[in-house]
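Asks: Mind looking over this structure? Questions follow.
The values are calculated or read from the model by the stated rules, or taken from the named source; none is laboratory data. Just so you know, these numbers come straight off a predicted model, no measurement behind them. All Cβ positions, glycine included, derive from the backbone under ideal geometry; neighbour counts span all protein chains shown. Just so you know, the surface numbers come from the protein's heavy atoms only, side chains and all, with ligands and any DNA or RNA stripped out. Shrake-Rupley method; radii C 1.70, N 1.55, O 1.52, S 1.80 Å.
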Amino acid sequence: MPASSGLDIEHVATLARIALTADEKARFSAQLGDVLAYIEQLRKADVAGVEATAHAFAVTNVFAEDVAQAGLPPAEALRNAPAVRDQMFVVPKVVE
């Protein structure tokens, strides 16, 4: 990686909280240099007429219409409950 890039591999390693050997510093520095060089190539691309997008393909809603329907009767909703009191679920107390 060129020294003029301003990227301090030791500082990046400290921020990531990883310890690097001298060999790893040299290898990762070269790899980061390659990534930064590729990013620089992308910056040179002419994207003046390209509309910004959030997705590569159009996203459509595939959900059904939200239509109000009658709910379950209390007896049916509580049928499998391990404990019931006054048409409500009975659960263990979690707050003192």
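Asks: May I ask for the percentage of alpha-carbon pairs in the chain that lie more than 23 Å from each other?
Replies: 67
Asks: Also, I was wondering about something else. On C-alpha positions alone, give me the angle between the axis of helix 22-43 and the longest principal axis of the chain, in degrees, nearest 10.
Replies: 80
Asks: For a quick check: with amide H placed at 1.01 Å from N, whose amide H comes under 5 Å from Val84's, ignoring anything fewer than 5 positions away on the same chain?
Replies: Residues meeting the criterion, in which the H sits 1.01 Å from N, are Val90.
Asks: Which of Thr53, Leu78, Gln31 sits closest to the plus end of the dipole of segment 6-89, meaning its Cα is farthest towards the positive end, when Lys and Arg get +1 and Asp and Glu get -1 on the C-beta?
Replies: Leu78
Asks: Okay, moving on. Looking at segment 49-96, which trypsin sites (Lys or Arg not before Pro) are DSSP coil and have at most 10 other C-beta atoms within 10 Å of their C-beta? Don't jump to the answer; show the numbers that get you there.
Replies: Working: sites: Arg79, Arg85, Lys93; in loops: Arg79, Lys93.
Hits after loop and neighbour filter: Arg79, Lys93.
Asks: Could you size up the charge dipole of the chain around its Cα centre, putting +1 on the beta carbon of Lys and Arg and -1 on that of Asp and Glu, and report it in debye to the nearest 20?
Replies: The dipole magnitude comes to about 280 debye.
Asks: With a 1.4 Å probe and all protein chains kept in place, how much accessible area does Asp8 have, in Å² rounded to the nearest 10?
Replies: 80
Asks: If you filter the chain for chymotrypsin sites (Phe, Trp or Tyr not before Pro), then keep DSSP loop positions with at most 12 other Cβ within 10 Å, what is left? Please list the in-between numbers first.
Replies: Values: sites: Phe28, Tyr38, Phe57, Phe63, Phe89; in loops: Phe57, Phe63.
Sparse-neighbourhood loop chymotrypsin sites (Phe, Trp or Tyr not before Pro): Phe57, Phe63.
Asks: Under the Karplus relation 6.51 cos²θ - 1.76 cosθ + 1.60, θ = phi - 60°, what is the ordered set of whole-Hz ³J(HN,Hα) values for segment 63-75, x standing for Gly and Pro?
Replies: Residue by residue, segment 63-75 yields 7, 6, 4, 8, 10, 5, 9, 5, x, 6, x, x, 5 Hz.
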